[in-house]
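Engineer: First the structure, then my questions, so here it is.
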Amino acid sequence: MGITKKKNTQKQKKINPFELKFNKSKHDILGRKKGAQVGAPTASRKRAHEQREKTLGVEYERKNKISKIIDKRLGEKDGKTEEEKGALRFTEERVKNYKRASKFNLTDDFGDIEEEDVLTHKGKALSDIEKYDKSMVSDSDDDEDPGNLGSHMVKVAHFGGGEKSTEEFVKEKISRESMISNLIAKTKLIRHEKQQAKDELELLTDSLDAKYTQLLGKVKNSFRPAGRQPLEKDDYDKLTYTLKVEADARATPADRKLSEEEMAAKERERLETLEAARISKSNALLNAHMSADADVDVDAGSKADARKLKLKNSRFEVRFDDDGAMVDEGKVEKLSVRKVAQDEDVDEDDGDFEDEDEEEEEDLDDLMEEENEDEDEEEQESDEEEEEVQEKEKSKPKKSLSKDVPFVFEMPKNYQKFCTLLEKYPKDMEVVLERLVKCHHPSLKEGNKKRLNKLFLMCLRWFDDMAKEELTEQSVKEMDVAQATMHVLLKFDIQYGVRCVRALIRQHWKNRQDKEKSSPASFALISAVRLVSGLFPVSDNWHPVVVPTFFLATEVLCAAKCPNLTALAKQLALATALVEYVGESKRYVPELIAFTRSALLLAVSEKPNKFLTNGFPISKPFSEMLCINKKITTKLEPISLKSIFSSCQADDDTLRPAVLRSLISLVQQLRVLYTSHQETYNIVFQPFLRILEAINKEHLTKELREEVEILTASMKAECDAKKRLIHLSLVKTEKSMLKMLEPRFEWDFDPERPHHGPKDEKKKLTKNLKNEMRGAIKELRKDTAFLARKQLTNVKVTDRARVAATKRVMGGLMQQQGEWNKEKRTNEVEKKKAKK
Amino acid sequence: MEDDYDQFFENGEENESHNNDSSEESDDDNEAAIDNIDPNFELERPEPACKSAADFAKFLHGSEYPDDIITYLKSLKFFEKDAKTADVVPTKSLKQTVSGFVKYLAGVKRIPKPVLRGISKIFGKYDIFHYIVPELVREVNNLKESRTAAWFNIFNFLSFIPHPTDRVTKPFFRQFCLRTPFNEKDMKKRKLGWICSDFDLIWMAVMNGAISEKLSLKLIPYITEHVISKLKVPFKTADFFFKVFDKSDYHGILSLGAIFRLISEHNFEYPKFYDKVYSLTNPSLLYMSQKESIMTLLDSFLSSTHIPTYIVASFLKRFSRCLIFAPIDAQEPILGLIRNLLIRHPNCIELVHRELPLTLQDDPFDDETTDLHKTRALESSLWEMKLLQCHWNQSVRKRAHFVDKSLHKIESYVRFRCTDELFSVNMAKSFGGEDGEAEKYRKLQDGDEEEEQKAAVEPRKKRGKFGGKFAPKHEEKVIRAVGVNEQKPLGILDRKISNMDVPMLWKL
């Protein structure tokens, strides 16, 4: 104790005792730790200040400063003379040059780093070994190599100028020639010696080699096969190899990933350039008879570019007739005026669109109508223009359609124009739509989002119209295109898309409610159902589009009557569409099961149970419409949708097995779908099994019979497997026990120590946290105080400078005034004197 | 169209009531209102020419306003003094009128309901009705089933005639003549009696007649609701109900409803009532357009807490079996009914929860038998609910989860909502969050503040008005994210599920 105290006092002696602060303790409590008795607040404060100065102060000074200018001029700061500066510069230059020359010198130091890395080999500096190597290698071509002259020699012979010792000066003066001859003789001598040494070395190594081979011959057998074995390369090796070789390639940064807007802009840019090129090409074709030069192309291209630039600058768009030729300037200007008018219109109908958005309850038709109303006004204005275009269309028959799809499109104003646009390019509809979308990316221009919304609506209507039309491959293809486009468009405004599709569904629903209550599903409806499953996730818990669609589909499935085979086939098509809705989520659709069961009953003449849904005929000839009583000879064909949905009645005999087959496959799907329901599987599928067993398989074709049998067998197996049932019972929730107030014993009890409770750890941590928090707050407070002080000093400094400056100026002024006064006075005195 | 009728008939009614008022006054005061006319003169005056029955029927078809009929009737002489007995007896023209009216009803043409209502204001008066009844009964007994229009006319006409216990109509003949047979004392004394027996007579005749299926669907509920309890001997209707029972399931249910009423209100004994109901309950019942009434009937059948447990259990099983095939609009009410039944009959809790769950080889419940003793429903469990927990509709799924929780103490009523309503409910659900929010804020900034405040205040008021005790405490404001498929959609005709072993089934 005493010793340490002494030490402390010795240390503290340096501190002014007046700066010490003593903590007096009033009572001594046993067992309590005493805090520090003596503290040096000023010292610690100073330390803290310094610390802050180093960290926070630096940061404060750097605040709002982005970069700093480093004065790298040589000797400018040190106030050196011009000559000294020149010398410094010269040396620097030399050093730089020297570095450049010895680029491959590994030992070279880089810049001003003091501790240069010395490459070593077995503890020796690499440079030493290198030198040795060099001599080994280079002596064969000594004569040519100028670098191998001795340093001294070089120094003397090459850079003869400069400072020389007087001796050398004298020597040189005496005989330069003899000197040189002497030198040559010397070097020759050295070379000779070297050569000799080398020969010796060679001889030695040769003898050693001979000895070694002799020895090797004797012990060869005991060695492993020498030399490099051709290793089989496995994946790992290849990988390492590629990593080794291609590491650079991977590391080099690719093009930066573009943001969405940039992508859109880029895409549009690309399309525009392509368009310009296309136009230029067609222009070139036009001009071909005038000048058959190849560079016309380029010329036209540049022209087109210029036009594009102009187009960009002057906001109005250039129109092309359908051959891609440009409408000439005068017209363009005329159009531009109109265009402005239209633009205003667009704004107006944008407003309308907003109004539209507010209404939730509306039909697709309403949506379309409203839009059409807006457009009617526009149309009147744009009628002339349209006529013009149409005239041109007439005058120039469509040629080479697919080749000439323009790259830039204007958004069609209404549905009719949309249709005409698409009709113009029947083969490239998807391309047209894709480009249309790309040209109107929302980030490109204000209002593009609205335009895209409009496009979505038009696509939906197109889709619906196609579905209502007679079914052809073309129409189905167009529907696919429309669907794909809608899928793309949906990303831009989900809400609007959802509203539109909901409107379509609502329209179908209303139709069902009003007139077609008991008619089977139309193709438009089925395709709408499919569209929804294509655009939206069908397995969501609740989805604004999918759930209403579900309602629609199940309602149709329940309510529609199936008086004949075609109607049944239609319903079946709907059912297969609906199965796909639950394919992933495995949700249970009672309507679907009921429908399938009732439909399957049609294939049985003696019905084991009753019809479930009431849409099926009960009377005899119709209630057995799926019973196959005649031998079918024709091959089984898939059901032709065209024939089902066209007005003409299909041949029942060929349709019957096909329908039965698809029904069987539907049952199969359902069976697979609901296998996971352990308890209820039997309840659902036992009746199916009974019906399936009752089907008269006598006249079925081989394939069909096999399918039915497979289904029956698999279903039977499944049913047997799932027979075991366990009664339902509620899962009991464990009630938490009451807390017992039993005594807790502490075996290592020590009255002097605090108790160990179960919450000790937590208490400790909270206390720590509290302390830390307090400390941090204190620190922060001190930081702010420090910053304030710093600011104050800054202000003071500037104030002082200002005051000094003012004082100086004022002093000067006063002096001037004084002088002026003095002069004045003397003048007056002189005047007075003169008067006198 | 109908509105016009109504309007017109309302006017007519007013007129009539005006007339009636005056006549009633005189009736009540029992004084000869028209002193200067000798009542006997009327009886003695010569009978003016009248239209024959067929003509009158035609006239009724042709007449546009009840006033026309009244004016025509005014020109007639209804009663005369019998030469022999000196009693007041109906004249030939009255008989012609009555039979003409019956012909009119039993015609080929379907008379619109509003017109009939107007006409029933004239011919439904108890006194003239007294003459019509025997004629009509005769007609009804001979009426064939195929004559739907006549049947409907008669039914509609009868449905407009109130039972005397509800309301006694005003006398008809008072408008036209002073002395009628109805003025006699004994007639007056037993007035209610014979009016009631008229009512009984005609309804019994209708029930015994050859009724088409379509009409019986309307007739049964009407009779159950309005007629049974009014009849002197309600059991007589039972024959009718048994007759229509087998026509279809729905008929069965409806007539069971009537029988249930007989049982519960009139001590009718019908031993195997629940067996009958049970055998009628099947999934196809829930596909009918009348499912709402069916469900309310089923609910009322099982509303008693004194039904034996085995019956309730069988019904529970049957209902859940039905649900496996039931359309969406039937799901929730039936689920509610099942839960209520479980609450009503705590013994049936075995179906949902067992202390010692056994492992069975098969569901012991026998769906086929119609004997409620043999269904073994009590040994089974409601596994069907587990399936419904995977139903495609969210609310059904939620509701089916009741088997996993402990039962509520109080029954709750589930309102039937037709598919249209369910559809619109789902369409009205809010969806998508961000855009809507943005829109709202934009509107808030753009719109008038005052308007906003108004709009903000109004709904609160409304809630206060319509809320009440059971109103939801807070409005459901859930932002439902709208999902969109990431992948590119397949073609419209492409299959999304590949079923490997199935060949191409559909082509263009």
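Engineer: Do you know which of the residues in segment B:419-434 that are open to solvent by less than 70 Å² (accessible area, probe 1.4 Å) and among the charged types (D, E, K, R) is modelled with the lowest pLDDT?
Structural biologist: B:429
Engineer: Of the residues A:820, A:747, only one is among the aromatic types (Phe, Trp, Tyr) and either outside any loop (DSSP other than H, G, I, E, B) or surrounded by 10 or more Cβ atoms within 10 Å (Cβ to Cβ) (or both); which?
Structural biologist: After ruling out the rest, the residue left standing is A:820.
Engineer: Which condition from (1) in contact (Cβ under 8 Å) with a residue 24 or more places away in the chain; (2) in contact with a helix residue (DSSP H, G or I) (Cβ under 6 Å, 6 or more places away or on another chain) is the one that residue A:542 breaks?
Structural biologist: (1)
Engineer: Are there any pairs, at least 6 apart or on different chains, whose C-beta atoms fall under 6 Å, with the first in segment A:615-643 and within 14 Å of residue A:566 (Cβ to Cβ) and open to solvent by 30 Å² or more (accessible area, probe 1.4 Å) and the second at pLDDT below 70 and among the aliphatic types (A, V, I, L, M), and if so, which?
Structural biologist: Cβ pairs passing all conditions: A:642/B:508; A:643/A:650.
Engineer: Any chance you could count how many residues in segment B:198-223 are open to solvent by 20 Å² or more (accessible area, probe 1.4 Å), touching a residue at least 40 places away in the same chain (Cβ under 8 Å) and either within 11 Å of residue B:237 (Cβ to Cβ) or not in a helix (DSSP H, G or I) (or both)?
Structural biologist: Counting residues in segment B:198-223 that are open to solvent by 20 Å² or more (accessible area, probe 1.4 Å), touching a residue at least 40 places away in the same chain (Cβ under 8 Å) and either within 11 Å of residue B:237 (Cβ to Cβ) or not in a helix (DSSP H, G or I) (or both) gives 2.
Engineer: Residue check: is residue B:279 within 14 Å of chain A (Cβ to nearest Cβ) and of a type in the set (S, T, N, Q)?
Structural biologist: yes
Engineer: Scan segment B:352-364 and give yes if some residue there is part of a helix (DSSP H, G or I) and of a type in the set (S, T, N, Q), otherwise no.
Structural biologist: Among the residues of segment B:352-364, not one is part of a helix (DSSP H, G or I) and of a type in the set (S, T, N, Q), which makes the answer no.
Engineer: Against the conditions (1) more than 7 Å from chain A (Cβ to nearest Cβ); (2) open to solvent by 40 Å² or more (accessible area, probe 1.4 Å); (3) touching a residue at least 12 places away in the same chain (Cβ under 8 Å); (4) in contact with a helix residue (DSSP H, G or I) (Cβ under 8 Å, 6 or more places away or on another chain), where does residue B:416 fall short? Just the number, please.
Structural biologist: For residue B:416, the failing item is (2).
Conditions (1) facing chain B (nearest Cβ under 7 Å); (2) closer than 29 Å to residue A:451 by Cα, marked per residue:
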site: A:500; (1), (2): no, yes
site: A:508; (1), (2): no, yes
site: A:535; (1), (2): yes, yes
site: A:541; (1), (2): yes, no
site: A:547; (1), (2): yes, yes
site: A:559; (1), (2): no, no
site: A:563; (1), (2): no, no
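Engineer: I've got another one for you. Do you know which residues across segment A:538-579 are open to solvent by 20 Å² or more (accessible area, probe 1.4 Å) and under 19 Å from residue A:664 (Cα atoms)?
Structural biologist: Listed by number, the residues that qualify are A:564, A:570.
Engineer: Looking at (1) open to solvent by 20 Å² or more (accessible area, probe 1.4 Å); (2) within 11 Å of chain B (Cβ to nearest Cβ); (3) touching a helix residue (DSSP H, G or I) at 6+ places or on another chain (Cβ under 7 Å), can you tell me which one residue A:674 breaks?
Structural biologist: It fails just one condition, (1).
Engineer: With respect to the numbered conditions (1) at the interface with another protein chain (Cβ under 9 Å from one of its Cβ atoms); (2) buried (at least 19 other Cβ atoms within 10 Å of the Cβ), which one is the sole condition not fulfilled by residue B:358?
Structural biologist: Tallying (1) at the interface with another protein chain (Cβ under 9 Å from one of its Cβ atoms); (2) buried (at least 19 other Cβ atoms within 10 Å of the Cβ), residue B:358 fails exactly one: (2).
Engineer: Return the residue satisfying two criteria in turn: it lies in segment B:282-294 and is facing chain A (nearest Cβ under 9 Å) and out of contact with any Leu (no Cβ under 9 Å at 6 or more places or on another chain), and of such residues it is most open to solvent (accessible area, probe 1.4 Å).
Structural biologist: Only one residue tops the list, namely B:289.
Engineer: Residue check, residue B:335 against (1) open to solvent by 10 Å² or more (accessible area, probe 1.4 Å); (2) more than 7 Å from chain A (Cβ to nearest Cβ), all met but one. Which one?
Structural biologist: With (1) open to solvent by 10 Å² or more (accessible area, probe 1.4 Å); (2) more than 7 Å from chain A (Cβ to nearest Cβ) applied to residue B:335, the lone miss is (1).
Engineer: Identify, please: which residue in segment A:588-603 is small (Gly, Ala, Ser) and in a helix (DSSP H, G or I) and is, among those, nearest to residue A:571 (Cα to Cα)?
Structural biologist: A:599
Engineer: Out of all the residues in segment A:656-671, which are more than 9 Å from every other protein chain (Cβ to nearest Cβ) and farther than 17 Å from residue A:710 by Cβ?
Structural biologist: A:656, A:659
Engineer: Scan segment A:510-533 residue by residue and report those that are more than 9 Å from every other protein chain (Cβ to nearest Cβ) and in contact (Cβ under 8 Å) with a residue 60 or more places away in the chain.
Structural biologist: Selection gives A:510, A:518, A:522, A:523, A:524, A:528.
Engineer: In this structure, does residue B:110 turn out to be over 21 Å from residue B:63 (Cβ atoms) and either without any contact (Cβ under 8 Å) to a residue 60 or more places away in the chain or acidic (Asp, Glu) (or both)?
Structural biologist: Against the criterion (over 21 Å from residue B:63 (Cβ atoms) and either without any contact (Cβ under 8 Å) to a residue 60 or more places away in the chain or acidic (Asp, Glu) (or both)), residue B:110 does not qualify.
Engineer: Considering only segment A:677-710, how many residues are among the aliphatic types (A, V, I, L, M) and within 10 Å of chain B (Cβ to nearest Cβ)?
Structural biologist: Keep residues of segment A:677-710 that are among the aliphatic types (A, V, I, L, M), which gives A:683-684, A:689, A:691-692, A:694-695, A:700, A:704, A:708, A:710.
Those still in the list that are within 10 Å of chain B (Cβ to nearest Cβ) too: A:683-684, A:710.
Qualifying residue count for the region: 3.
Engineer: Do we find a residue being within 43 Å of the chain's Cα centre (by Cα) and surrounded by 10 or more Cβ atoms within 10 Å (Cβ to Cβ) anywhere in segment A:792-804?
Structural biologist: Scanning segment A:792-804, I find no residue that is within 43 Å of the chain's Cα centre (by Cα) and surrounded by 10 or more Cβ atoms within 10 Å (Cβ to Cβ), so the answer is no.
Engineer: Tell me, please, whether a residue that is modelled with pLDDT of 85 or more and either within 27 Å of residue A:552 (Cβ to Cβ) or in contact with a strand residue (DSSP E or B) (Cβ under 9 Å, 6 or more places away or on another chain) (or both) can be found in segment B:348-356.
Structural biologist: no
Engineer: For segment A:579-621, enumerate the residues that are within 7 Å of another protein chain (Cβ to nearest Cβ) and among the polar types (S, T, N, Q).
Structural biologist: Once the filter is applied, which keeps residues that are within 7 Å of another protein chain (Cβ to nearest Cβ) and among the polar types (S, T, N, Q), segment A:579-621 yields A:613, A:614.
Engineer: Can I ask one more? With the requirement that a residue be at the interface with chain A (Cβ under 10 Å from one of its Cβ atoms) and either open to solvent by less than 20 Å² (accessible area, probe 1.4 Å) or not hydrophobic (A, V, I, L, M, F, W, C) (or both), what does segment B:401-413 give you?
Structural biologist: B:403, B:404, B:405, B:406
Engineer: Could you say which residue among A:483, A:495 is free of Cβ contacts under 8 Å to residues at least 12 places away in the same chain and assigned to a helix (DSSP H, G or I)?
Structural biologist: Testing whether each residue is free of Cβ contacts under 8 Å to residues at least 12 places away in the same chain and assigned to a helix (DSSP H, G or I) leaves just A:495.
Engineer: Could you please let me know if residue A:783 is open to solvent by less than 100 Å² (accessible area, probe 1.4 Å) and in contact (Cβ under 8 Å) with a residue 24 or more places away in the chain?
Structural biologist: Answer is yes for this residue.
Engineer: Scan segment A:714-723 and give yes if some residue there is touching a Ser or Thr at 6+ places or on another chain (Cβ under 6 Å) and within 14 Å of another protein chain (Cβ to nearest Cβ), otherwise no.
Structural biologist: no
Engineer: While we're here: Of all residues in segment B:361-379, which are within 8 Å of chain A (Cβ to nearest Cβ) and surrounded by 15 or more Cβ atoms within 10 Å (Cβ to Cβ)?
Structural biologist: B:363 - this is the single residue of segment B:361-379 that is within 8 Å of chain A (Cβ to nearest Cβ) and surrounded by 15 or more Cβ atoms within 10 Å (Cβ to Cβ).
The values are calculated or read from the model by the stated rules, or taken from the named source; none is laboratory data. Computed from a predicted model, the values in this text were never measured in an experiment. Neighbour counts run over all protein chains shown; Cβ positions are idealised from the backbone, glycine included. Heavy atoms of the whole protein, side chains included, go into the accessibility calculation; ligands, DNA and RNA do not. Shrake-Rupley method; radii C 1.70, N 1.55, O 1.52, S 1.80 Å.
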